[in-house]
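This report refers to the structure that appears directly beneath it.
The values are calculated or read from the model by the stated rules, or taken from the named source; none is laboratory data. Quick caveat: nothing in here was measured; it's all calculated off a predicted structure. Here the Cβ positions follow ideal geometry from the backbone for every residue, glycine too, while neighbour counts run over all protein chains shown.
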Amino acid sequence: MSEEIFDLIVLGAGPGGYVAAIRASQLGMKVVVVEPRPTMGGVCLNEGCIPSKALLDSSEHFALARDKFAGHGIEIPAPTMNVPKMVARKQDVVKKLTDGIAYLLKKNKVQVLKGSGKLTAPKGDGVHRVEVAQVDSATVVAGKKVLLATGGIPVEVPSLPFDGETIVSSKEALCFTAVPEHLVIVGAGYIGLELGSVWRRLGAKVTVVEMMPQMLPFTDVEVTDALMKILKKQGIAFRMGTLVTGLEKKNGKAMLQLQAGDKTEELECDKILVAVGRKPVLTGLGLDAAGVANNGNGRIAVNDNYETSVPGIYAIGDIVPGPLLAHKASEEGVVFAERLAGMDAKVNYETIPGIAYTWPEAASVGKTEQSLKEENVPYVVGKFSFMANGRARCMDETEGFVKILAHKETDKVLGVHIVGPRASDMIAEGVAVMSYGGTAHEIGAMFHAHPTLAEAVKEAALDVHKAVIHA
């Protein structure tokens, strides 16, 4: 029997892999996806983006009922939270979406093979082979091209090894069945702030410990300063510029030793969430056997077509340079497939939005004010507060602002930064304008329906030219 040869083998069915597989199949390729998880969607869908947003929404509903309903004239008894039911709802959301991805793969005639895939040594016949280890057997699939899209995993701190109970990663923090008494979060990035917000709203004492002076690195400082003040008002404590120097566990509790400069502090807690970042999954892929080179920084080196050092083997997402974001991986998946099919496609890495789904949310795209100063780029700032936005007033969500950075000479929008309600949705306007080289004047001249939160974007653009109306 002759060997079946696929046009494309995709390792990983996360937001990069499954999107690439579907697009490649749409373009006429015969595709198989190799995925070790029982469900599709990778970390994002199973234990990342989606479950965290489900918990954020549930906890936000709870906080609204507790803190704001009365102001709207809604009088109810003090609400209580059934945590197991909240977690079960989260799992139901995840199941519906993972089932949806499985359906989309089937609909687009993408074959799925469950198991862990590993590249094998080349035979010199121009065909790439992947050994797939399954529960009680192994098989080998062959393809003209292979795409590596294996994603990332949480970084473990040597002094705080994960134990799944007291010291946990985001995976376990999404599945707590009771509200922690005191949750300490090591790391002030997106994951830490979001999960800290969830459990703080539900009554936990939350302390964020961060070794750097600023939370959300690479975000505009004015945005992070504003967000920190708001989160502090919500009851989240911060220890910035602080190192964890020791740990002692006793009777289900943990005692952390902290150091900030020459000051030391002990912090007792019952849960520690380590959220200091994520790293690429590269082990067990057979990279050495296949001859795939990394870039010296723990990522796989690729060219503009996402091809590695080995012709016919490609990589996208968390395992290649760039931010470890689901939407970045998905966009690379589409562009990879289209370039493989001979189309002229390209990812604009200058317009990748970054979002903290706290409440209010923080969202950014493009250059920060500090980066423009460092690069000696002449710029103008336009700002508008949600305090003066009619829809925000109606919602009683007036904290935050929109900030637009435009080139002083060309008026081209260089960056958009928002802290406020539904910032995650509004940042899409900044992405669209920047993707097509738009100007602040053009944003200010566009219709923005009234009353909407998006009017704050228009007003910030008008403020670039000191033509703002409502401030």
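With respect to the conditions (1) closer than 24 Å to THR177 by Cα; (2) in the same structural domain as GLY12 (by TED's automatic domain parsing), GLU268 falls short on a single one, namely (2). Annotation: THR308 fulfils all but one of (1) at pLDDT 95 or above; (2) farther than 30 Å from GLY117 by Cα; the unmet one is (2).
Of the helices (runs of 4 or more DSSP H) lying entirely inside segment 390-471, those containing at least 3 residues that are under 23 Å from ILE355 (Cβ atoms) and of a type in the set (D, E, K, R) span 455-464. All of SER364, SER371, SER330 fail the test of being under 26 Å from the mean Cα position of the chain (by Cα) and assigned to a strand (DSSP E or B), apart from SER364.
Taking each residue of segment 281-293 that is under 10 Å from THR150 (Cβ atoms) and exposed (fewer than 14 other Cβ atoms within 10 Å of the Cβ) and looking for partners that are among the polar types (S, T, N, Q) and modelled with pLDDT of 95 or more with beta-carbon atoms closer than 7 Å, six or more apart or interchain, yields GLY284/SER116. If you check ALA20, ALA24, ALA54 for being under 20 Å from the mean Cα position of the chain (by Cα), surrounded by 22 or more Cβ atoms within 10 Å (Cβ to Cβ), assigned to a helix (DSSP H, G or I) and among the small types (Gly, Ala, Ser), only one passes: ALA20.
None of ALA54, ALA70, ALA88 is out of contact with any Phe, Trp or Tyr (no Cβ under 6 Å at 6 or more places or on another chain), small (Gly, Ala, Ser), over 24 Å from LYS171 (Cβ atoms) and not assigned by TED's automatic domain parsing to the domain that holds THR358 except ALA70.
Has segment 261-268 got any residue that is among the aliphatic types (A, V, I, L, M), surrounded by 14 or more Cβ atoms within 10 Å (Cβ to Cβ) and farther than 30 Å from ILE427 by Cα? Among the residues of segment 261-268, at least one is among the aliphatic types (A, V, I, L, M), surrounded by 14 or more Cβ atoms within 10 Å (Cβ to Cβ) and farther than 30 Å from ILE427 by Cα, which makes the answer yes.
Checked against (1) of a type outside the set (Ser, Thr, Tyr); (2) within 23 Å of GLU156 (Cα to Cα); (3) at pLDDT below 95, PRO280 passes all but condition (3). Screening VAL127, VAL94 for residues that are in contact with a strand residue (DSSP E or B) (Cβ under 7 Å, 6 or more places away or on another chain) and of a type outside the set (D, E, K, R) leaves exactly one candidate, VAL127. Checked against (1) under 27 Å from LYS229 (Cβ atoms); (2) in contact (Cβ under 8 Å) with a residue 24 or more places away in the chain; (3) of a type in the set (A, V, I, L, M), ALA341 meets all criteria but (1). For segment 73-89, a residue qualifies if it is of a type in the set (D, E, K, R) and touching a residue at least 12 places away in the same chain (Cβ under 8 Å), and exactly one does: ARG89. Scanning segment 93-102 finds no residues that are over 26 Å from the mean Cα position of the chain (by Cα) and exposed (fewer than 14 other Cβ atoms within 10 Å of the Cβ). Restricted to segment 429-458, and to residues there that are touching a residue at least 40 places away in the same chain (Cβ under 8 Å) and under 17 Å from VAL223 (Cβ atoms), the residue that is surrounded by the most Cβ atoms within 10 Å (Cβ to Cβ) is ALA456.
The set of residues from segment 254-289 being under 20 Å from the mean Cα position of the chain (by Cα) and either under 20 Å from GLY16 (Cα atoms) or hydroxyl-bearing (Ser, Thr, Tyr) (or both) comprises GLY277, ARG278, LYS279, PRO280, VAL281, LEU282.
Close Cβ contacts (under 6 Å, 6 or more residues apart or on different chains) running from residues in segment 141-153 that are farther than 11 Å from ILE316 by Cα to residues that are among the charged types (D, E, K, R) comprise ALA142/GLU3; ALA142/ARG129; LYS144/ASP7; GLY152/ARG278; GLY152/LYS279; GLY152/ASP318.
If only one of GLY235, GLY187, GLY203 is closer than 20 Å to PRO323 by Cα and in contact (Cβ under 8 Å) with a residue 24 or more places away in the chain, which one is it?
One residue alone meets the criteria, GLY187.
Within segment 235-252, can you find the residues that are in contact with a Pro (Cβ under 6 Å, 6 or more places away or on another chain) and either not in a strand (DSSP E or B) or not hydrophobic (A, V, I, L, M, F, W, C) (or both)? Answer for segment 235-252, where residues must be in contact with a Pro (Cβ under 6 Å, 6 or more places away or on another chain) and either not in a strand (DSSP E or B) or not hydrophobic (A, V, I, L, M, F, W, C) (or both): just GLY241.
Results for (1) touching a strand residue (DSSP E or B) at 6+ places or on another chain (Cβ under 6 Å); (2) hydrophobic (A, V, I, L, M, F, W, C), shown as yes or no for each residue.
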site: ILE5; (1), (2): yes, yes
site: GLY16; (1), (2): no, no
site: VAL31; (1), (2): yes, yes
site: LEU56; (1), (2): no, yes
site: PHE62; (1), (2): no, yes
site: PHE69; (1), (2): no, yes
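Quick one: in segment 302-349, which of the residues that are of a type in the set (Ser, Thr, Tyr) and in contact with a helix residue (DSSP H, G or I) (Cβ under 7 Å, 6 or more places away or on another chain) is surrounded by the fewest Cβ atoms within 10 Å (Cβ to Cβ)?
Ranking the qualifying residues of segment 302-349, first place goes to SER330.
Inspect all residues belonging to segment 405-415 and state whether any of them is of a type outside the set (Asp, Glu) and under 20 Å from the mean Cα position of the chain (by Cα). Taking every residue of segment 405-415 in turn, at least one turns out to be of a type outside the set (Asp, Glu) and under 20 Å from the mean Cα position of the chain (by Cα).
Contact map, segment 298-323: first residue touching a residue at least 24 places away in the same chain (Cβ under 8 Å), second residue part of a loop (DSSP other than H, G, I, E, B) and among the polar types (S, T, N, Q), Cβ cut-off under 7 Å, separation 6 or more or different chains; pairs are ILE300/THR308; TYR314/THR308; ALA315/THR308; ILE319/THR150; PRO321/ASN295.
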